[in-house]
Amino acid sequence: MTRNAHPTARPSHTEGRAAARPRALTRTLLRGENGAGTVRKTVLPGGLRVVTETVPSVRSVSFGIWAHVGSRDETPSLNGATHYLEHLLFKGTSRRSALDISASLDEVGGELNAFTAKEFTCYYARVLDSDLPLAIDVICDMLTDPLLLPEEVEAERGVILEEIAMTDDDPGDVVHDLFAQTMLGDSPLGRPVLGTVETVEALTRDRIARFYRKHYDPTRLVVTAAGNLDHATVVRRVRAAFERADALSRADAVPCAPRTGDRPLNAAGRVGVLGRKTEQAHLVLGLPGVSRGDERRWALGALSTALGGGMSSRLFQEIREKRGLAYSVYSYTSGYADCGLFGIYAGCRPAQVADVLAICREQLARIAEEGLSEAELRRATGQLAGSTMLGLEDPGALMHRLGKSEICWGSQLSLDEMLSRMTAVTVEDVRQVAAEVLGRRPSVAAIGPLTQRQSDRLESAVA
């Protein structure tokens, strides 16, 4: 079979002579000087961004490449293509078989993995600092020179269908997809990241290959690394890997366009129910939230933490500690480019559904009307600040933070800046965002062995 070769670089507007690839780099010291916490960014001539953070006190490095493509970039018939492609990039290149890819990291004790989200995809490895050149070479090879062989497409189709089946067996996961669908309808953000059995079975090798060529251009990629590393060495090796594959520019790539149009449906009190023979009923009660770029996200994060972010939160105390109605209960926020969701999850016995929802509604109404007390806000911001700092002690977490920040915001906040934003939230900030976000009729998604009467009570719970 003849595989699809990567197109050559875009032709120059200068006629009569060959176009020379520009050699200039854009280098930026984002923060720090030397040693721990130094973050640097380099933009290669083709638009590929490389961002690193130096942590000389460790002996490992986490390296990743982020693609600015997720499930929300799919048409209905392509639902699941981003995740399908993520699998296929592990299946071999012209230099390595699928076994070579996995064995190369296994034999040095490294970790190699990937994940697909609604707005981006990430391929990453964690290795000893001495093995960073290997991790760079393997991941760059995967992303710039995938074979996408027809036989591998067919073999991996079965793997993905099994993954969908495995996910469907976990109602605690499925209920969040059902909530997104309930709130966002048949929009890209409302569809599952994995796709459906029908869409995955219908995807062809040619359609996946076109999807790859469209979205995996260097202008849509970000390279991040954190750990005991030298920034210039990372840049040099990444550039060499992309130039070897002639992948620093692709003629048929499409520039990133602003993501808009997937705002939650303008209909309060929506109910989504999926009957399942489970021991528990799994519930998500929620409302439209704020986008990831909205400055109110800091106040909403504090609100969510106070409401359902820990053992001292209102929902944990009221639902679990005082009444014993649920084992797991929490609140969360999801921010996207142009919209967001705010949700409360609880798993409880079907007979307790009405009581759990009533307590959730009561707490939402109270916070919407009164906001939080000074003590609650202080506890929430302290919890957020502490958990953020503790979570970023690992190079893997630092690498993920660099990538997500560059993909989502195009900038890097220092840890001090992040903590300052969190602790600067006031009671009045929370009161305002609570009135705006929580002062509307919520919607609910539920999965479990609910009777018709119990399903009807869901309708009344959000009336």
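None of the figures in this text is laboratory data; all of them are computed from the coordinates on show. In this text, all values refer to a predicted model and were calculated from it rather than measured experimentally. Here the Cβ is made from the backbone with ideal geometry for all residues, glycine too, and neighbour counts use every protein chain on show.
See the values below:
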quantity	calculated
Residues T75 and R27, FRET efficiency given R0 of 60 Å [Cβ-Cβ distance, rounded to 0.05]	0.95
Additional length obtainable on full extension of the chain from S387 to R453, 0.36 nm per residue less Cα span	19.6 nm
Size descriptor, Kirkwood hydrodynamic radius, that averages inverse alpha-carbon separations across region 300-359, Å	12.0
Taking the chain and dividing mean pair separation by its residue count, relative contact order in percent (alpha carbons under 8 Å, at least six apart)	20
Zone of A365's modelled label, taken as backbone nitrogen in region 275-307 under 18 Å from a point 7 Å along Cα→Cβ	285-287
Region 360-398: GluC sites (Glu not before Pro) in DSSP coil with no more than 15 other Cβ atoms inside 10 Å	E393
J(HN,Hα) series, region 57-71, from Karplus relation 6.51 cos²θ - 1.76 cosθ + 1.60, nearest Hz, glycine and proline x	7, 10, 10, 10, 9, 9, 10, x, 10, 10, 9, 7, 8, x, 5
Acute angle (nearest 10 degrees) that the helix 374-391 long axis makes with the longest principal axis of the chain, alpha-carbon atoms	30
Magnitude of the charge dipole, region 26-244, Cβ model with Lys/Arg +1 and Asp/Glu -1, debye to 20	1360
Qualifying GluC sites (Glu not before Pro) for region 269-323 [loop in DSSP, other Cβ within 10 Å: at most 11]	E279, E295
Gain upon complete extension [D246, D294; 0.36 nm per residue less C-alpha separation]	13.4 nm
Ranking of K91, K277 by count of other Cβ atoms within 10 Å, fewest first	K277, K91
Debye-sum result for the chain in log10 I(q)/I(0), which assumes one identical scatterer on each alpha carbon, at q = 0.09 Å⁻¹	-0.67
Taking V238, V284, V43 and counting other C-beta atoms within 10 Å, the order from fewest to most	V43, V238, V284
Tensor-based shape of region 32-132 (alpha-carbon gyration tensor, a/c under 1.5 rounded, otherwise prolate or oblate)	oblate
